[in-house]
Amino acid sequence: MTVGESGQPLATLPKPDLQTLERTWTDALATVSGANQQLDLSRGKPGVEQLRLSDALETTIAGNYISADGTDTRNYGGLMGIAEARDLGAEIMGVPAAEIMAAGNSSLNLMHLVLSTALNLGLWGDNRKWRDSDSIKVLTPVPGYDRHFVLCQHFGMEMVNIPMLEHGPDLQRAAELAAADSNIKAIWCVPKYANPTGNTYSDNTVEALAALPGQAAADDFIVLWDNAYAVHHLEQPGDALASIRDFAIAAGTAEHIVQFASTSKITFAGAGVGFVASGAKVLQSLVAHLSVQTVGPDKVNQLRHARFLNGRVTEHMAAHAEILRPKFALVDQILTEQLGALAIAEWTKPNGGYFVSLDLLPGLAKQVVAMAKESGLVLTPAGATFPYGVDPDDRNVRIAPTFGSLQELSGAMEILTLCVKLASARKLLAQS
Ligand SMILES: Cc1ncc(COP(=O)(O)O)c(C=O)c1O
């Protein structure tokens, strides 16, 4: 063990010790970089072993295309999705099937649909359309999911950052902002095993979010509840998330909560089923907008999924967890061994989901991502977890441990932690 890795915060070391470490880590990085490798910690997608868990999807149709209510799934129609698929949505989302639309292969696509419907047609069959506002603003808890931010940018919606706290977004701040500005129309939420922080919102946070549309100055405010990791536990029983639907019914805001989920990380990430849940008026408006785009979803795929998963989602997700648990454990182990004592980084230890969020000393994220790239490791671009790609402290790095093998993950984490140590040592030396 090298001096400084033995349990002492890096900032407390005398300058000569720091210089020695800087040289040692420079040499170590040169050695591991020389391997001509192509490592990647940026891909938040299932690994091939996980995909194989769903290969039996192929055999569930076996010539029987008729759904339980007699629908021939090979034919046109059925914009709300077949009954069995909506039941599957209910099992995943914990919302009655009657309030769910089962759609195509992507929940992101449904988020786009909701935003464009809110903007152009309105969500409630009346004259409330976002496009009639002077400007449209959306509250964005940060760090968050980059594609939510890209959607807002695509539609010209201004993003207003809200800090992400341990139990969810800072809702006092959100309520103050939403109450003061009728141009604030929505808030993004990833309530369970959030991307990238991995935390699950507390009951109080869920209740406060359900109340938010009633407090907002805009009468067309919505909560965008992207429950992408609803059943993606690493340990059983996993984190419990309160039902925003139940709180919203009590608060009279159910038509202002729009929930999303999909089977993307349950079966095949590119060939699953997406779901959106809300009140009857919202679903009606979405169907009206969707009917211009398509005559109906891929119901054969919906039937395939329902036959494969209905009643056994928990069991199926336990098999995913068996594969993912060692990967998340390895990431935490290497971070702890390499950085734990040095007081130069903090990271999350999620109970589920797809990501670990790593916070460095301020001002180092871009540098570390660039150093890693030079050493053969691709990381998510620094800033991607913030709107407009701007991390104000330049310190957040998102780690996606799921895709590669344990061996690749180990090599990638070695490079990442070396880059973090080296960049931190150089920063401290420059300050000394
Ligand atoms: C929070 C979150 N929402 C949505 C998605 C994408 O979902 P889908 O494949 O259903 O479009 C992801 C994918 O990484 C995600 O992390």
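Throughout, read-outs are computed from the coordinates displayed, never taken from laboratory work. In this text the structure is predicted, and so the values were computed from the model without any measurement. No Cβ is skipped: glycine too gets one built from the backbone with ideal geometry, and neighbour counts run over all protein chains shown.
Neighbour counts of C-beta atoms inside 10 Å place Ile249, Ile184 in the sequence Ile249, Ile184, starting with the fewest. Ordering Leu18, Leu121, Leu171 from the fewest to the most neighbouring beta carbons within 10 Å gives Leu121, Leu18, Leu171.
Please compare each pair in Lys137/Lys281; Lys45/Lys366; Lys373/Lys427; Lys45/Lys137; Lys299/Lys327; Lys327/Lys427 to a cut-off of 27 Å on the Cα-Cα distance and tell me which ones are over it. Violating the 27 Å Cα-Cα cut-off are Lys45/Lys137; Lys299/Lys327; Lys327/Lys427.
Taking other C-beta atoms within 10 Å as the exposure proxy, Leu377, Leu39 rank Leu39, Leu377 from fewest upward. Mean projected area of the convex hull spanned by the Cα atoms of the stretch 99-189, taken over all viewing directions: 6.9 nm². Rounded to two decimals, the Cα-based Rg/Rh of the stretch 67-312, with Kirkwood Rh, is 0.95. Distance from the alpha carbon centroid of the stretch 383-422 to that of the stretch 105-126 works out to 33 angstrom. The helix-only estimate of mean residue ellipticity at 222 nm for the chain, built from DSSP H runs of length n ≥ 4 each weighted as -39500 (n - 2.57), is -13000 deg cm²/dmol after division by the residue total. By DSSP, the beta bridges lying fully in the stretch 67-312 are antiparallel in about 35 percent of cases. Bridge orientation summary for the chain: considering DSSP beta bridges with both residues in this region, about 50 percent are antiparallel. Spatial offset of the stretch 220-294 relative to the stretch 37-81 amounts to 19 Å, using the alpha carbon center of each. With a cut-off of 8 Å between alpha carbons and a minimum separation of six or more residues, what is the relative contact order of the chain in percent? Once normalised by length, the contact order is 26 percent. Taking only the Cα atoms of the chain, the ratio Rg/Rh comes out at 1.01, with Rh defined as the Kirkwood radius.
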